[in-house]
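A short reminder: the numbers here are calculations on the coordinates, not readings from a lab. Bear in mind the structure is a predicted one, so any value in this text is a computation, not a measurement. For neighbour counting, all protein chains shown are included, and Cβ atoms are generated from backbone atoms with ideal geometry for every residue, glycine included.
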Amino acid sequence: MYHLIVLILCIGMTIINYCYPIVSDNANPIFSDNVRISIIIVGIIAYLRYIYEKNAQKANLLLERAKDLENKEKAEATVGVGTCICVFQEGYQMIPGFYDFLIKFEDDSELILSSSKAEVTNKIITAKGKMLFYYVDRFIVDVEEIPTEISSEDK
């Protein structure tokens, strides 16, 4: 937040420096050219730091929201039966620390779901057949493997 204050001060000093010769009888600006350039550079750096911190706060809020949604109860979650088609590589994660899975449901719809829970991730990766997915928004709350029935020919 203090970066925003520094930015406002730099803008104010620049405006005063340009307006001072107009208002007063003195034709010379208050600051020399080097000081003016330094004030502008400090203002630009303060603005960039402000934008960086603002984006970092948004990312932290998104991560907190994702954790909250992932820790919801099964009763609040949407349930779907499907299979995992693809596990996205680590460099292609939408949210850092979350594994993303492309899930194909029985109604032929596809959805990208995410999870940071190790047990859920391991269940999805090692599962062979269909699974029951409990998810809120796009975050997996829990999964259960649906046991495949053994036909009489396999016995």
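Details
- Test: G43 is among the small types (G, A, S), over 24 Å from the mean Cα position of the chain (by Cα), surrounded by 10 or more Cβ atoms within 10 Å (Cβ to Cβ) and within 30 Å of H3 (Cβ to Cβ): yes
- Among the residues of region 46-81, those identified as farther than 28 Å from V6 by Cα and polar (S, T, N, Q) are N71, T78.
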